[in-house]
Amino acid sequence: MSAMVGSGGYAKAAPDNGTMMQSAAEHKGCRTAAKTAHAGCGSRTSQGDLPSEIWEKVKKHPCYSEEAHHHYARMHVAVAPACNIQCNYCNRKYDCANESRPGVVSEKLTPEQAVRKVLVVATAIPQMTVLGIAGPGDALANPAKTFKTFELVAKAAPDIKLCLSTNGLALPDHIDTIVRSRIDHVTITINAIDPEIGAKIYPWIFFSHKRYTGIDAARILTDRQLQGLEMLSERGILCKVNSVMIPHINDQHLVEVNKAVKARGAFLHNIMPLISAPEHGTVFGLNGQRGPSAQELKTLQDACEGKMNMMRHCRQCRADAVGLIGEDRSAEFSTDQIMKMGVKYDLATRKAYQDRVEDERAVSVVALQQELTQFAAETSAIKVLVAVATKGAGLINEHFGHAKEFQVYELSTSGAKFIGHRRVDVYCQDGYGEEDRLSTIIRGIHDCHAVFVAKIGGCPKSNLIKAGIEPVDQYAHEFIEKSTIVWFRSYLDKVKSGDVQHEERGDAAIRQGALISAA
Amino acid sequence: MPFKIIASQCTSCSACEPLCPNVAISEKGGSFVIEATKCTECIGHFDEPQCVAACPVDNTCVIDTSLPRYQAPA
């Protein structure tokens, strides 16, 4: 099996300051360079209602800011292999380089190897701003390795934000160390607050030198998770809560979880679909437990949306993922390779690069604002979903046949709202499209009225039209939000004039199988 | 002198290593091994053998039946 490499790599290397943004722009087919003169006003617009000190923490964190995830990359280092609980959706024996989901890595690292990897990646990908430790076990079940890694990285690369992910069982024991280590962000996975429900998800935990099972195990875990969340909130550390949506087990209950974590100060809630297939060898995979459909997931996320932000751009990435969210360049940075690659970590170069990214972001925000003012006097009850093929930077810049996923936006007269992404197996390999891949894509974006692409072939175009999805390629390399709003305005005009009959679309499927080779 | 780790089932996750009260566990050739002469089945330390309780794969840390059971000193 060949390794999975993101085909849409951003800047492959960071040469001198003057040329690097240009090379990234060319690589991405980005046209914003000529427009940067308009930048400067409006970059704060995406701050929304956030207080400045929180915006400073999240604006370059691709997981905590949906808007940032188009521009900034993250990496995970797999220094924490041990876990202290067992989940029914996890099987630690299974590992495959072509598989992308939490708990899966190709090789584990020592803290010293991890720092080398961070510096190599920071050199190659100057917009990599966040280092996370997310397993493949539990970051806090391996406290010595986790905190040693953070200590070494903080010294060697002080501009990189530190982030950890945990099931929360050991969290209350490590709060002071987390604060001392200057960890900005902590993610806790909380799937239930009712031990009866928790017992259906966690067969056992290992706590205080004992293995607990059933309701006792779930009760201890829940208590420790909520206690840890409260302690972190009190200390001003931003907390994200991850929850796995498991139909008929915790789907309804997650509304209660949402209230409970909101009350304890969580900043962001990320409800993710269960990934479950028999070939993963998990309890849920083997007993036929299904994951939710796209519509079921969106309905739950919408029900939880209120005072707390909902994260909808999570790709449930590997514990050794590298790159923009949605691309995985981990295979480029294997331990063998990082020992051979050069390190030229330079704070000034990285800052200059990131300042240019900020200018790009500002242009995109201004463009959207201008389009939205056209809607000022207009209101319509119509909402439609559209799919977008993108390689990042907030642009429609991916070929339909090369897209590994589509980003989905909900369009209404109040704007374009990112509501999620749909993974699709690569439709085009070696330039040939295949019929069954096309139907996979159509199933994955079946709830969308249109699909925005940089380019599309004649055959898939006509099949999409047959399936009721309009292929749109006239906004190639333009901003996503602005272009989709322009399209939506003309859609509404056509509905008004009677040229088009507005119809609701159906549901869509969330892909469960292994991601196949993209290179 | 009793517990052993079945190498073909070991995920090499290292969960057992720091838990062993006798420092009998170490990594060798990609999986973890228990030094039989050091293992005390956790008798006198904990209610249950720590490697067994923490291991994510059932029946991977098992009694080595080719060896006599550990006898706590009188």
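The values are calculated or read from the model by the stated rules, or taken from the named source; none is laboratory data. The structure presented is a predicted model; accordingly, all values stated were derived computationally and were not measured. We place every Cβ from the backbone using ideal geometry, glycine too, and count neighbours over all the protein chains shown.
For A:Ala73, only one of the following conditions fails: (1) within 16 Å of the chain's Cα centre (by Cα); (2) modelled with pLDDT under 80. What is its number?
(2)
Taking the conditions exactly as written (buried (at least 16 other Cβ atoms within 10 Å of the Cβ), under 12 Å from A:Gly265 (Cβ atoms) and modelled with pLDDT of 95 or more), does A:Leu232 satisfy them or not? Spell out the reasoning first.
Values: buried (at least 16 other Cβ atoms within 10 Å of the Cβ): yes; under 12 Å from A:Gly265 (Cβ atoms): yes; modelled with pLDDT of 95 or more: yes.
It is true that A:Leu232 is buried (at least 16 other Cβ atoms within 10 Å of the Cβ), under 12 Å from A:Gly265 (Cβ atoms) and modelled with pLDDT of 95 or more.
Can you tell me which of (1) assigned to a helix (DSSP H, G or I); (2) within 13 Å of the chain's Cα centre (by Cα) is the one B:Glu41 doesn't meet?
(1)
Out of B:Ser31, B:Ser66, B:Ser14, B:Ser8, report the one residue that is hydroxyl-bearing (Ser, Thr, Tyr), surrounded by 13 or more Cβ atoms within 10 Å (Cβ to Cβ) and either farther than 20 Å from A:Phe207 by Cα or more than 12 Å from chain A (Cβ to nearest Cβ) (or both).
Every option except B:Ser31 fails the conditions.
Can you pull out every residue in the range A:273-299 that is surrounded by fewer than 21 Cβ atoms within 10 Å (Cβ to Cβ) and among the hydrophobic types (A, V, I, L, M, F, W, C)?
The answer is A:Ala277, A:Val283, A:Leu286.
Could you please find all residues in the range A:251-283 being within 22 Å of the chain's Cα centre (by Cα), in a loop (DSSP other than H, G, I, E, B) and under 25 Å from B:Pro56 (Cβ atoms)?
If the condition is that a residue be within 22 Å of the chain's Cα centre (by Cα), in a loop (DSSP other than H, G, I, E, B) and under 25 Å from B:Pro56 (Cβ atoms), then A:Leu274, A:Ile275, A:Ser276, A:Ala277 are the ones that fit.
Mind checking which residues of the range B:19-28 are outside any strand (DSSP E or B) and within 12 Å of chain A (Cβ to nearest Cβ)?
Within the range B:19-28, the subset outside any strand (DSSP E or B) is B:19-24.
The answer is B:Leu19, B:Cys20, B:Pro21.
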